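> Submitted below is the structure of interest, expressed as structure tokens.
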Amino acid sequence: MAYEGILLGMGNPLLDISAVVDEEFLKKYDIKLNNAILAEEKHLPMYEEMAVNPNVEYIAGGATQNSIKVAQWMLQIPGATGYIGCIGKDKFGEEMKKNSKAAGVNVHYLEDESTPTGTCAVCVVGGERSLIANLSAANCYKSGHLQKPENWALVEKAKYFYIAGFFLTVSPDSIQLVAEHAAAKNKVFAMNLSAPFICEFFKDAQEKALPYVDFVFGNETEARTFSKVHGWETDDVAEIALKISQWPKASGTYKRITVITQGADPVVVAEDGKVKQFPVIVLPKEKLVDTNGAGDAFVGGFLSQLIQEKPIDVCVKAGCYASNVIIQRSGCTYPEKPEFN
């Protein structure tokens, strides 16, 4: 089977700027530990300040990009994956390109002349961290870029697509173009619920995409929010997963499969009117470094086996393996080679 360009992701690229800082730094920028927020005006100077920190690390991040990089790492086949999103024409954008290429992902970024690359400051104090995200250029993606022949060629080539729900806030028309292409060409289209606020405030865009989605990923909080928004009056994750899997489909080629993670609790998979549960790998508390990117890594591991046409239980196992590796490291990073078999 030819793997070149088989999996394509589209989303919001954010460059994680990770550095160990001190209490003074947190006080200066009014940051609370173990928090995740969107940047306000007062936070903006901190990105430059962190960039000159001697221990600074740059990691190409953003939900979809994390998943694609993990899938690429699991596959160990250069160029098997591609990724599209918007960055700025600046040093952080250059850093992002370098990082993604080193990971073996074929990136086709739209480069915005006037908006800086989206960043996420990861401030670390005593092993605990705080995340401050500044979407910037990631918010500026336009479907015109997707439709350019050199970029649409990636869509034509791919057999599997993955887009996190976060992209619904940026370019729903790009999602629709890919979704309709996938349905017309009998390809596999996967999306993630991504966050409770997506299910609540971007319900219409989500519902428009859903008939095209063959694999729906999410966690238990997102699933319960989805249920509430749709008036299903159930908190039972298995029941919600089943209902999502039975949502009407635009293409009859594939049945829809819903995959819901629940932290340390079993992964719920709904297909064909049945629900299965798969245990996750239990990690002793002292080995946990950072849960940032755990859900993204699960999807990446899962997709790495799906595109090899492995059965669902193997896909879930790979997802659990990948997220287990990621949470023992800083950020969404991984060792040189996976040890999954």
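> Could you check the range 132-161 and list, in sequence order, the residues that are of a type in the set (S, T, N, Q), open to solvent by 50 Å² or more (accessible area, probe 1.4 Å) and either free of Cβ contacts under 8 Å to residues at least 60 places away in the same chain or in contact with a helix residue (DSSP H, G or I) (Cβ under 7 Å, 6 or more places away or on another chain) (or both)?
Once the filter is applied, which keeps residues that are of a type in the set (S, T, N, Q), open to solvent by 50 Å² or more (accessible area, probe 1.4 Å) and either free of Cβ contacts under 8 Å to residues at least 60 places away in the same chain or in contact with a helix residue (DSSP H, G or I) (Cβ under 7 Å, 6 or more places away or on another chain) (or both), the range 132-161 yields only Q147.
> Any chance the range 269-288 includes a residue that's in a strand (DSSP E or B), closer than 23 Å to A223 by Cα and β-branched (V, I, T)?
yes
> Provide a single number: the residues in the range 9-48 that are closer than 20 Å to G93 by Cα, touching a strand residue (DSSP E or B) at 6+ places or on another chain (Cβ under 9 Å) and not aromatic (F, W, Y).
Here the count works out to 16.
> Out of the residues in the range 82-130 that are of a type in the set (S, T, N, Q) and assigned to a strand (DSSP E or B), state the one that is most open to solvent (accessible area, probe 1.4 Å).
N106
> Considering every residue within the range 292-302, establish whether at least one is free of Cβ contacts under 8 Å to residues at least 60 places away in the same chain, outside any helix (DSSP H, G or I), open to solvent by 40 Å² or more (accessible area, probe 1.4 Å) and not charged (D, E, K, R).
No, the range 292-302 contains no residue that is free of Cβ contacts under 8 Å to residues at least 60 places away in the same chain, outside any helix (DSSP H, G or I), open to solvent by 40 Å² or more (accessible area, probe 1.4 Å) and not charged (D, E, K, R).
> If you check every pair at least six apart or on different chains, which have Cβ atoms under 8 Å apart with a residue in the range 51-76 that is without any contact (Cβ under 8 Å) to a residue 60 or more places away in the chain first and a residue that is surrounded by fewer than 24 Cβ atoms within 10 Å (Cβ to Cβ) and assigned to a strand (DSSP E or B) second?
The qualifying pairs are N53/A19; N53/V20; N55/A19; N55/V20; V56/A19.
> Can I ask one more? Tell me which residues, restricted to the range 303-329, are open to solvent by less than 10 Å² (accessible area, probe 1.4 Å) and among the hydroxyl-bearing types (S, T, Y).
S304
> Looking at T258, is it open to solvent by 20 Å² or more (accessible area, probe 1.4 Å) and without any contact (Cβ under 8 Å) to a residue 60 or more places away in the chain?
no
> Restricting to the range 162-213, and then to whatever is open to solvent by less than 50 Å² (accessible area, probe 1.4 Å), assigned to a loop (DSSP other than H, G, I, E, B) and not hydroxyl-bearing (S, T, Y), can you tell me which residue is farthest from Q246 (Cα to Cα)?
Top of the filtered list is V170.
> So, one more: Which of the following residues is within 24 Å of P13 (Cα to Cα) and aromatic (F, W, Y): F226, F167?
F167
> Which of the residues belonging to the range 241-269 are over 14 Å from N192 (Cα atoms) and of a type in the set (S, T, Y)?
Correct list: S251, T253, Y254.
> So, in the range 269-290, of the ones that are acidic (D, E) and closer than 30 Å to K249 by Cα, which residue ends up surrounded by the most Cβ atoms within 10 Å (Cβ to Cβ)?
The extreme case among them is E271.
> Could you tell me whether T234 is surrounded by fewer than 22 Cβ atoms within 10 Å (Cβ to Cβ) and modelled with pLDDT under 95?
no
> Same structure, new question: In the range 214-231, which residues are open to solvent by less than 10 Å² (accessible area, probe 1.4 Å) and either part of a helix (DSSP H, G or I) or polar (S, T, N, Q) (or both)?
A223, F226, S227
> Right, here's the next one. Just to be sure, is N66 surrounded by fewer than 19 Cβ atoms within 10 Å (Cβ to Cβ), of a type in the set (S, T, N, Q) and within 22 Å of T333 (Cα to Cα)?
No.
The values are calculated or read from the model by the stated rules, or taken from the named source; none is laboratory data. Fair warning: this is a prediction, and the values are worked out from it, not measured in the lab. Cβ coordinates were reconstructed from backbone atoms using ideal geometry, including for glycine residues, and neighbour counts include every protein chain displayed. Accessible surface areas use protein heavy atoms only, side chains included; no ligands, DNA or RNA. Shrake-Rupley method; radii C 1.70, N 1.55, O 1.52, S 1.80 Å.
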